[in-house]
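One structure follows; several queries about it will come next.
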Amino acid sequence: MDLLFIFEWLDTSMLADFSKSYAGLFAIVQTFHIASMVMLVGMILLGDLRMLNVLLREVPSQKVIDNTGKWIKIALVTIVLSGVYEASAIAMKLYFNTFYWAKMAGLAMGLAYMYLIRNPIYRRAELSGLEPGGAIAAEAVQPWVVKMVAVTSLVIWFTVSASGRWIGFS
Amino acid sequence: MLNEWLYQFASWLDTFESSTNLHESLYMYGWVESTHVLTLTVFLGMLLVIDLRLLGVGFKNIPASTLVDRLDKPMMLGFIVMIISGVLLFYAIPVRSTQSIFFRVKVILLIAAGINAMIIRRMTRQRPLTWDYDPSPPKKVRVGAGLSLTFWLCVIAAGRMMAYDWWDCHKEMPHFMYWAAGCVNELAAFEQ
C-alpha cells in the first residue's frame, strides 16, 4: 500500500506550517526525541541485561521488568509525538528516505516483539522458577530461549536507534 | 588569548590528513557518530535509572545502593566509548567545532555534570546508606539527581544544536557572540 498520500497530507498540514516556521522549537523537539529514545533503550537494556543474568542478579527479574514498564510507555508516547512533529517538517524528504523506512520497520518490529514475544516469555520465565524466588510452574522456559529473546531484543532496538541516526546522513 | 590558542590548536589538528579523511569518509564518520549516539543511550540509560531512583520517582522497591553499585560498570563503559567517539567527531571537524557556541556550551555543561556526579557519588558511596530502602531519598540527593538529569538534557540539546549554523562565524551576529564562539578572524576584523 502506497502511503504517499499520508506524507503529502502531513506536508501541507497546519502542523507542518508550524514546525517549518520555528527552527529553534524543532531543535528542542529533536532533543526530547533523543532523550526519550535514551529512556526507551535504557529501560529495555536494563531488562534484557537482567534476563541475560549480566546485571542486577540479586534483584528478582520480575521486579526489574515491572519497574521499567511505566518508563517504556512514557518514552514511547514521547517518541511518537515528537517524531510526528519532526516528520511534519520534512515529510516528503522522509518518504523517499530508505533509512526512515528501515527505522519505521524496526520500530514496528520492536513494538510487536516486545509486547507479543519478549514480555510474555519473560513473564513465563519468572513463573517457571528460572529466576531466584520464582514459583515453579508447569510450563518451563529454557534459559537459552530467554537469553535468545534478550539478545534479539537488544539487536532490534539498537538497529532502530542507529537507523534513526543514519536518516540524517542519507 | 584563550580563543586564539584554541583556534591555533584546532587549525593544527585540521592539518592532519586523517582528520580530513574521517570527515570526508563515506561511512566511517557515520559509524563513529552512530557509536556516539548508541553509547549515549547505554551511558545515559543507566544514569537515568539511577537518577530516577535517587529522585524517588522510579525503582522505589529496589535498594538505591544496589542500583548505584551494579549499574556503575555498564554506565562507565558507555561513558568511555562515548567520550572516545566524541573526541573522534571533534577531530574530524576541529575548527568548526571549536568555533561552535553550542560545542562550548556543551563542554561547560559536561564539566558541570561531572562535578555534580562527583558530589552525588560522595553522597551515595557511603556504606551503609541509612536511606537505602526509603522510597524517597534525602532532599540533597534528590536535588543532585534532578540537576544531573537537567544537565544531561541540556548536553543532548547542545549536541543536537551543533548541527545548525545559526551562530557560525560566517554569520552576521553581535560582537559578544563572535567572542563567545571564538571567531578570532571576525573579531580581528572588528578591531581594524
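The values are calculated or read from the model by the stated rules, or taken from the named source; none is laboratory data. Keep in mind it's a predicted model, so treat the numbers as computed, not measured. Cβ: placed from backbone, ideal geometry, glycine included. Neighbour counts: every protein chain shown.
Restricting attention to the stretch A:71-107, which residues are free of Cβ contacts under 8 Å to residues at least 12 places away in the same chain and either farther than 17 Å from A:SER36 by Cα or in contact with a His (Cβ under 6 Å, 6 or more places away or on another chain) (or both)?
A:ILE90, A:LYS93, A:PHE96, A:TRP101, A:ALA105
When residues of the stretch B:36-78 are filtered for being β-branched (Val, Ile, Thr), more than 9 Å from every other protein chain (Cβ to nearest Cβ) and under 30 Å from A:PHE169 (Cα atoms), how many remain? Explain how you work it out, then say what you get.
Restricting attention to the stretch B:36-78, the residues satisfying the condition of being β-branched (Val, Ile, Thr) are B:37, B:39, B:41-42, B:49-50, B:57, B:62, B:66, B:68.
From what is left, the residues that are more than 9 Å from every other protein chain (Cβ to nearest Cβ) are B:39, B:50, B:57, B:68.
Checking which are under 30 Å from A:PHE169 (Cα atoms) leaves us with B:39.
Number satisfying all stated conditions: 1.
Looking at B:VAL42, B:VAL95, B:VAL105, can you tell me which residue is buried (at least 21 other Cβ atoms within 10 Å of the Cβ), among the aliphatic types (A, V, I, L, M) and either more than 27 Å from A:SER161 (Cβ to Cβ) or in contact (Cβ under 8 Å) with a residue 24 or more places away in the chain (or both)? Full working, then the answer.
Working: B:VAL95 fails: buried (at least 21 other Cβ atoms within 10 Å of the Cβ); B:VAL105 fails: buried (at least 21 other Cβ atoms within 10 Å of the Cβ).
Selected residue: B:VAL42, the only one of B:VAL42, B:VAL95, B:VAL105 that is buried (at least 21 other Cβ atoms within 10 Å of the Cβ), among the aliphatic types (A, V, I, L, M) and either more than 27 Å from A:SER161 (Cβ to Cβ) or in contact (Cβ under 8 Å) with a residue 24 or more places away in the chain (or both).
Can you name the condition, by its number, that A:ALA102 falls short on among (1) at pLDDT below 95; (2) within 12 Å of chain B (Cβ to nearest Cβ)?
That leaves (2) as the condition not met.
In the stretch B:1-39, which residues are without any contact (Cβ under 8 Å) to a residue 40 or more places away in the chain and within 30 Å of A:LEU40 (Cα to Cα)?
The answer is B:LEU26, B:TYR27, B:MET28, B:GLY30, B:TRP31, B:SER34, B:VAL37, B:LEU38.
Here's the yes/no breakdown for (1) part of a helix (DSSP H, G or I); (2) farther than 29 Å from A:GLU8 by Cα; (3) modelled with pLDDT under 90; (4) within 14 Å of the chain's Cα centre (by Cα):
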| site | (1), (2), (3), (4) |
| --- | --- |
| A:ALA87 | yes, no, no, no |
| A:TRP144 | yes, yes, no, no |
| A:LYS147 | yes, yes, no, no |
| A:LEU154 | yes, yes, no, yes |
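Let me ask another. Kindly indicate which of A:MET51, A:MET14 is away from chain B (no Cβ under 14 Å) and farther than 30 Å from A:VAL145 by Cβ. Explain how you work it out, then say what you get.
Numbers: A:MET51 fails: farther than 30 Å from A:VAL145 by Cβ.
Step by step, each of A:MET51, A:MET14 is checked, and only A:MET14 is away from chain B (no Cβ under 14 Å) and farther than 30 Å from A:VAL145 by Cβ.
While we're on this one: Given the structure, is A:LEU40 surrounded by 15 or more Cβ atoms within 10 Å (Cβ to Cβ), facing chain B (nearest Cβ under 10 Å) and touching a residue at least 12 places away in the same chain (Cβ under 8 Å)? Step through it out loud before you land on a result.
Values: surrounded by 15 or more Cβ atoms within 10 Å (Cβ to Cβ): yes; facing chain B (nearest Cβ under 10 Å): yes; touching a residue at least 12 places away in the same chain (Cβ under 8 Å): yes.
Spelling it out, A:LEU40 is indeed surrounded by 15 or more Cβ atoms within 10 Å (Cβ to Cβ), facing chain B (nearest Cβ under 10 Å) and touching a residue at least 12 places away in the same chain (Cβ under 8 Å).
Within the stretch A:54-71, take every residue that is more than 10 Å from every other protein chain (Cβ to nearest Cβ) and surrounded by 19 or more Cβ atoms within 10 Å (Cβ to Cβ) and give me the one that is farthest from B:LYS60 (Cα to Cα). Talk me through it step by step, then tell me what you get.
Kept after step one, since they are more than 10 Å from every other protein chain (Cβ to nearest Cβ), are these residues of the stretch A:54-71: A:61-62, A:65, A:69.
Imposing the further condition that a residue be surrounded by 19 or more Cβ atoms within 10 Å (Cβ to Cβ) reduces the set to A:61, A:65.
On the way: A:SER61: 15, A:ILE65: 13 Å.
In this case the residue turns out to be A:SER61.
Specify which of the listed residues (A:ALA105, A:ALA35) is among the small types (Gly, Ala, Ser), farther than 16 Å from B:PHE59 by Cα and surrounded by fewer than 21 Cβ atoms within 10 Å (Cβ to Cβ). So that I can check it myself, show each step before the final result.
On the way: A:ALA35 fails: surrounded by fewer than 21 Cβ atoms within 10 Å (Cβ to Cβ).
None of the other options fit; the residue is A:ALA105.
Output the residue which, of all residues in the stretch B:1-39 that are among the polar types (S, T, N, Q) and surrounded by 15 or more Cβ atoms within 10 Å (Cβ to Cβ), is farthest from B:ILE83 (Cα to Cα).
To start, the set of residues in the stretch B:1-39 that are among the polar types (S, T, N, Q) comprises B:3, B:8, B:11, B:15, B:18-21, B:25, B:34-35, B:39.
Then keep just the ones that are surrounded by 15 or more Cβ atoms within 10 Å (Cβ to Cβ); that gives B:3, B:19, B:34-35, B:39.
Details: B:ASN3: 23, B:SER19: 17, B:SER34: 13, B:THR35: 10, B:THR39: 9 Å.
Restricting to residues being among the polar types (S, T, N, Q) and surrounded by 15 or more Cβ atoms within 10 Å (Cβ to Cβ), the top hit is B:ASN3.
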